[in-house]
């Protein structure tokens, strides 16, 4: 059937029972280009090995010593403020600098009345 796990909440004493069934994936349902890909968060440096069909050009070695395709992403759960609980300014396209320049230019112009 499956593995049985029990979880007891210490405050209420309620016991939850879970049955987990580990099954093999169905055969021949994935696209032909489905393979393991390293997703690398350039903000935090964290890397994830996930199955994907995304096209990549770079490759790199994973912890198991095998070579996998690599896709660099600007943000992931490792760097997003919702998951980390910390706020960071991530500006890979120079948008913050452009905004600051426009704001400074707008203050420098005398207003018409």
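Looking for something under 30 Å from residue 4 (Cα atoms), at pLDDT 85 or above and assigned to a strand (DSSP E or B) - is there at least one such residue anywhere in segment 64-87?
Looking through segment 64-87, none of the residues is under 30 Å from residue 4 (Cα atoms), at pLDDT 85 or above and assigned to a strand (DSSP E or B).
From 101, 113, 26, which residue is in a helix (DSSP H, G or I) and either at pLDDT below 90 or farther than 29 Å from residue 3 by Cα (or both)?
The conditions single out 101.
Inside segment 36-45, can you point out the residues that are loosely packed, with under 14 Cβ neighbours inside 10 Å and modelled with pLDDT under 90?
Within segment 36-45, just 45 meets the criteria.
The values are calculated or read from the model by the stated rules, or taken from the named source; none is laboratory data. These figures come from a predicted structure and were not determined experimentally. Cβ atoms come from the backbone with ideal geometry, glycine included; neighbour counts cover every protein chain shown.
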